[in-house]
Every structure is written in C-alpha cells, then in structure tokens.
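All of the numbers you see were taken from the coordinates with simple rules; none came from a lab. Model, not experiment: these values are computed from the prediction. Quick reminder, even Gly has a Cβ in these numbers, built from the backbone with ideal geometry, and neighbours come from all protein chains shown.
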Amino acid sequence: MNVQAKPPVRREAMRIAGRKVTTDEVVEVFNPWNNQLVGTVPAARPEHVREAFATARAFTPKLTRYERQQILLRTAEALRDRKEEFARLITAESGLCWKDSLYEASRAYDVYSFAAQLAILDDGETYACDISPMGKRRKIFTTRVPLSGVISAITPFNHPLNMVSHKIAPAIATNNRVVLKPTELTPLTALALADVLYEAGLPPEMLSVVTGNPASMGDAMITDPDAELITFTGSVRVGKHIARTAGYRRVVLELGGNDPLIVMEDADLDKAAELAVQGATKNSGQRCTAVKRILVVESVADEFSRLVLAKARKLVAGDPMDPTVDVGTVIHERAACEFERRVTDAVAQGARLLHGNDRRGALYPPTVVDHVPHDAELVREETFGPVIPILRCPNDIAEVIRISNSTAYGLSSGVCTNRLDYITRFVNELEVGTVNVWEVPGYRIEMSPFGGVKDSGLGHKEGVVEAMKSFTTIRTYSLPWP
Ligand code: NAD
C-alpha cells in the first residue's frame, strides 16, 4: 500500500440522526504537515444542535442486548478491516504519524469489541432484606436503565477516533442516544466513524454528529434541555467552563494532565529512560497521560540524562505519512511555537537544552531539556507536545512525592523502582488517578477505569466499564420473596 497517496478533499456533511445536513458556512480542516486542505465540515448553528437533541429525545432505543452486541462487534470488525483507511484520515487531519494512527485504530477496535462483550452481561444485583432484626423476608433487585435524556459528547483532537469511541461504544452498549461534537480540528474521522456505525445497524436516531465552531455552537451542547449528561474530554479551561454552565445535569469531565515519570536510585536506568522517551513522545506528546515531567533523584540523574538523550536522538521526526517516522507534527504551528517559547523560557531560567527545540512549521521534534526548574511554566502547566523535561529531585522520597503533587493536575503517573516501600508510598501518596509501576503513565486497557483527580477530572471515570455505569441510572425494585 502506498501511504503517501494524497487523499481527495472531503466536503463533509453533518449527520443528524443519520441525515446528511450541510450549511453555507464551513470549517476547513488542514493537514498540519503540509497545510493542504483535507476537507471541510459544516459550521453548525445552535438550531442544528437543537434539532439533533430533539430528534434523539423523540426516539426510544429498544435494542436487545444481543442486537447491541452485534452492532458493536460489526463496528469493531469494520475498524479492523479498514484500519489503514482510518489511519490515513487520522494522519491527514491531525499530523499524527502513521505508526501512531495505526495504533489508535487498533485501540478503537478494542473499545468496540470490549463494549460488545460487556453489553450481553446482566448488570443486576440482589439484596436479601432479612439481614437485620427489623429485616423482612423480601428482596431488593437492581437494574440499570438508560438515561431518559440524551448524552452530549464533546471530544478533543489528540485521539480523533479513540476518544470519540470511548463516548459512543458505552452509550450503544447501554441503549443510549448520543449527540457528538468532535473537535473542529479533527472532525473528519468522527464523521467517517458515524457511517461505519450506521452501516453496522445502529438506528440513526441513536447517534448524531454535529460539527462547527465552539464559539457559536458550544454552549448549545452544554445547555440543551434534552441533554441529561455531558461527557467531555479536553482541556481544563473548557472543562471548567462546562462545569459552570451545565447547571442541573450530570457531568463527566476528563481533563488535562501533567503526568510524572519518577525514577528512583535503584531503577534500571536504561529501562526507565526508554519509558521516559516513549512516554513523552508517542502521539507527538499529545496524550493527556503523556510523560510531561521526569522526576529523577540527583544520585542517578547524570547517567539517566545521558541515556535519555541517546534514545531521543534516535527518534525520527518528519513526514507523518512516512511509515518509518516516529514523531509526526503537533496539531498546528501555533501549538509548536508555544512549546518552543516555553522551552526557551525554561532555558532562560537555568534549564539546559540537550536536544531539539528546532521547530519547522508544526513539526516540533523531540526535545530534551535537563535541570528544568520546578516552577518553570514548561512543567507547571500542561505542555502538550514531545518535550522530554528532566527535573532533578533530592534523594528523598518525601520530596519527590511533594514535587510530584505540586501541580494543579492529578491524572496519572509512572514510577521506576523495585523497592516495595517506595511503591507503597507512591500508590498511597501520589495525588493521581493511576500509578503504573514500571510503565508509562498512559498505560491502560480500554476497559479499565481511567480518569484523574484535582484539575484533571470530575465525575465518573472513563474506560468502557465505568462509562457504562455513568451512562445509566440504577433503578431498584423489591419483591416479597424470601
Ligand atoms: P479543548 O478543551 O480545546 O477542546 C476539546 C473540545 O471542546 C473540542 O471539541 C472543542 O471544540 C470543544 N470546546 C471548546 N470550547 C468549547 C465551549 N465553549 N463549549 C463547548 N465545547 C467547547 O481541548 P483540545 O485542545 O482539543 O484537547 C487537548 C486537551 O484534552 C489536553 O488538555 C488533554 O490533556 C486533554 N485530554 C484529556 C483526556 C483525558 O481522558 N483526561 C484525554 C485526551 C485529552
């Protein structure tokens, strides 16, 4: 297959309950690598959003568990069979490299496959009531019912297929209706996915995809009278805006991260350096759980820094469609300029630039900076790109934990040590949603619970199991049975 082939410009319509809807005004989607137009999508107005919610609300899903399973399985199979087609689209609109896009398509396969397998399991529980002196010979049963309103789903650019799938698959598995607003930066993948879902047999009323500028139609997604739950993945800034605006309805917010990889003095430094470099640069460093700070204790920092530099130098950054490239572009030149500025500022504050910071357009190659001051903006804020910042810490686990907990974020973490006393303290004392021992912070399976604390998230966790819970209401009923 020739992955270099230039895809034709896609002039897309929205999908409102399966119906293709266009508008005069459009949003253009550009390839960050070559600035070519990849496609256009309609710029929805609030009335389009209203129509999508009203149509969804008027429909009552009646799919059996078996039917839901079959739709999800067919979707998983289609994604597997059309993996390269999706990868091509992801790379074209996001600049993520071919390797990253193929990986993303495989992850999305898992999301639908796991949701299919979970859809057929009964989730009911039984409580015997004759268990206390005033107990009765009755039983209480639980059952989970879909929301009576519609799910409003809003997704970010960094995983154009997988983030969307984490909203849609659990919704289908639980017989819910969704109105999805993918980001205006990478909306084409979501529209292609909607067609796969319809082809797989999803009643079109269960999924609408509306596109456009958040400034004009974002609030309609948050305040629609038929939106019972808003599930949002994106930045802290927008997440907090949603929390303030949503009013009396459920909100699930999966927000930014500033995840540490912690390297203690007993660590296998080569293995730790490999995790640091991979964790900071995969997906062009644009993962909420990318390694964004490497906290290494002083006693091993020189040797560790040398190993990181050697590994970072081996990574190839360049044309995202080239299958040998390890790091594609970031989402746009504006973002790349911001990373460059932050690194330059950190260096002005005393950090040492060892490699990179040589931006070309939206291509920001892996950049190694050592001796980064702990309060540099580069590491205090989320730097959503392939920077590998090394922060040297005192040889004292209490200090390492304090530094790790010192940002506003609390998504995930990775720790490199074999000492059980250290591991125990990290698991208990890091203020995060996840502690991965000898893995990158981003390690997970699509089914396991995932989400952060502090500014990194609010409400239920994600992952197919937790999302299915969050998209349902527990109803109990009791019967006079012993
Ligand atoms: P973003 O917050 O800029 O945009 C996310 C979505 O919100 C987009 O669809 C955007 O159009 C929409 N939006 C923007 N303003 C809005 C408004 N006023 N009303 C309604 N919707 C609005 O985020 P991004 O730059 O696309 O994504 C990167 C961020 O996402 C990073 O901070 C990253 O850490 C985070 N993220 C978090 C997770 C997680 O699971 N915790 C996963 C992936 C990405």
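To the nearest 0.05, how large is the calculated FRET efficiency for I131 and D270 if R₀ is 51 Å and r is the Cβ-Cβ distance? For I131 and D270, the calculated efficiency is 0.35. The convex hull around the C-alpha trace of segment 150-263, projected and averaged over every direction, spans 8.2 square nanometres.
Of K282/K314; K271/K292; K20/K99; K136/K469; K99/K181, which pairs sit farther than 24 Å apart, going by alpha carbon to alpha carbon? As for pairs spanning more than 24 Å Cα to Cα, those are K20/K99; K136/K469; K99/K181. May I ask for the net charge around R65, where only other residues with Cβ less than 11 Å from the Cβ of R65 are counted and Lys, Arg are +1 while Asp, Glu are -1? Cβ neighbours under 11 Å give a net charge of -2. Each residue of segment 36-53 was assigned a 3J(HN,Hα) from its phi angle through the Karplus curve 6.51 cos²θ - 1.76 cosθ + 1.60 (θ = phi - 60°); the sequence is 6, 6, 8, x, 10, 10, x, 9, 5, 9, x, 5, 5, 5, 4, 4, 5, 5 Hz, with glycine and proline shown as x. Tell me whether segment 204-363 comes out rounded, prolate or oblate; compute the Cα gyration tensor, take square roots of the eigenvalues as a ≥ b ≥ c, and use a/c under 1.5 as the rounded threshold. Prolate, because a/c is 1.5 or more and a/b exceeds b/c. Calculated translational diffusion coefficient of the chain (10 °C, 1.306 mPa s; Stokes-Einstein with Kirkwood radius over alpha-carbon pairs) equals 68 µm²/s. With neighbour counts taken as other beta-carbon atoms within 10 Å, the residues L354, L391, L180 rank, fewest first, as L354, L391, L180. Computed over Cα pairs, the Kirkwood radius of segment 352-482 leads via Stokes-Einstein (0.692 mPa s, 37 °C) to a diffusion coefficient of 186 µm² per second. Any chance you could give the angle, 0 to 90 degrees and rounded to 10, that helix 162-173 forms with the longest Cα principal axis of the chain? On a 0 to 90 degree scale, this one is about 20.
Reported to the nearest whole Å, the Cα centre-to-centre distance from segment 286-332 to segment 197-257 is 33. As a rough guide to protection, the peptides 219-225, 58-64 ranked by mean Cβ packing within 10 Å, highest first, stand as 219-225, 58-64. Distance between the C-alpha centers of segment 408-457 and segment 56-112? Whole Å please. Using only Cα atoms, the two centres lie 28 Å from each other. Electrostatic tally near A119: other residues with Cβ closer than 14 Å to its Cβ, Lys and Arg +1, Asp and Glu -1, net +2.
How much net charge surrounds L353 when only other residues with a Cβ under 14 Å from its Cβ are counted (Lys, Arg +1; Asp, Glu -1)?
Local charge sum for L353: +1.
Phi angles across segment 286-303 convert, under the Karplus curve 6.51 cos²θ - 1.76 cosθ + 1.60 with θ = phi - 60°, into 3J(HN,Hα) values of 9, 10, 4, 9, 4, 5, 10, 8, 10, 9, 10, 6, 3, 4, 10, 5, 4, 5 Hz, Gly and Pro given as x.
Remark: W33, W438, W481 ranked as W481, W438, W33, counting other beta-carbon atoms within 10 Å and listing the fewest first.
The orientation-averaged projection of the convex hull spanning the C-alpha atoms of segment 269-391 amounts to 6.8 square nanometres.
As a proxy for reagent exposure, R57, R177, R306 were ordered by neighbouring Cβ count within 10 angstrom, fewest first; the result is R306, R57, R177.
Near the amide H of V251, within less than 5 Å, lie the amide hydrogens of I230, all on another chain or at least 5 residues away, with H placed in the peptide plane.
Karplus-derived 3J(HN,Hα) values for segment 327-341, using 6.51 cos²θ - 1.76 cosθ + 1.60 with θ = phi - 60°, are 9, x, 7, 8, 5, 7, 4, 4, 5, 4, 4, 5, 5, 4, 5 Hz; glycine and proline are entered as x.
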